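Each value in this text was obtained by applying a stated rule to the coordinates, not by laboratory testing. Remember, predicted model here, so these are calculated numbers, not experimental data. Virtual Cβ from ideal backbone geometry, glycine too; neighbours counted across all protein chains shown.
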């Protein structure tokens, strides 16, 4: 837990970018083929949700294992930590078939006010 020092300013700005958690409900192999197949529940984690053979294949290929957070964890966590949300941006990775339907990533700008 972060603690403030009396008389010190704790003002700061946080820029956070993350995938839209909803992209993790889809089967990525089908997604690469342009097919949207719902396969997983949220929050998602490769280490827990991928079948063992697919996980081992990803590790052998040197791919990072991915996981998601809920929007409540991502944005609510910033607010709970004392940040004030001052900006929000969505974007689309056009290489994903999903981008035709929704934003695939988002970013926030949050400011932590000065504590006197």
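How far apart, in nm, are two points set 7 Å out from the Cα along the Cα-to-Cβ line at residue 71 and at residue 29?
Modelled inter-label distance: 3.1 nm.
Quick one: give the max-minus-min coordinate of the C-alpha atoms of the chain along each principal axis, largest first, in Å.
Principal axes ranked by extent give 55, 30, 23 Å for the Cα atoms.
If R₀ is 22 angstrom, what is the calculated FRET efficiency for the pair residue 60 and residue 105, using the beta carbon separation as r and rounding to 0.05? Write down the numbers at each step before the final one.
On the way: r = 27 Å, r/R0 = 1.23.
Rounded to the nearest 0.05, the efficiency is 0.20.
Figure the gain on full extension for residue 36 and residue 90 (residue separation times 0.36 nm, minus the Cα-Cα span) and round it to one decimal in nm.
Net length gain for the segment: 17.4 nm.
Give me the distance between the Cα centres of the stretch 18-42 and the stretch 49-116, rounded to whole Å.
14 Å
Would you order 40, 24, 89 from fewest to most other beta-carbon atoms within 10 Å of each residue's own beta-carbon? Each step should come with its number before you reach the end.
Numbers: 40 17, 24 21, 89 12.
Fewest-to-most Cβ neighbours within 10 Å comes out as 89, 40, 24.
Quick one: work out the % antiparallel among DSSP beta bridges in the chain, nearest 5.
On the way: 17 of 17 bridges.
Taking every DSSP beta bridge within the chain, about 100 percent pair in antiparallel fashion.
Given the -39500 (n - 2.57) contribution per DSSP H run of 4+ residues, what per-residue ellipticity at 222 nm results for the chain, rounded to the nearest 500 deg cm²/dmol?
Taken over the chain, the calculation gives -4000 deg cm²/dmol.
Can you give the Rg to Rh ratio of the stretch 46-93, both from alpha-carbon atoms, with Rh computed by the Kirkwood formula? Present the calculation step by step, with values, prior to reporting the outcome.
Numbers: Rg = 15.9 Å, Rh = 13.6 Å.
In the stretch 46-93, Rg relative to Rh is 1.17.
Compute the relative contact order of the chain as a whole-number percentage, counting only Cα pairs closer than 8 Å that sit 6 or more residues apart in sequence. Working shown, then result.
Details: 172 pairs, mean separation 44.1, N = 116.
Relative contact order of the chain: 38 percent.
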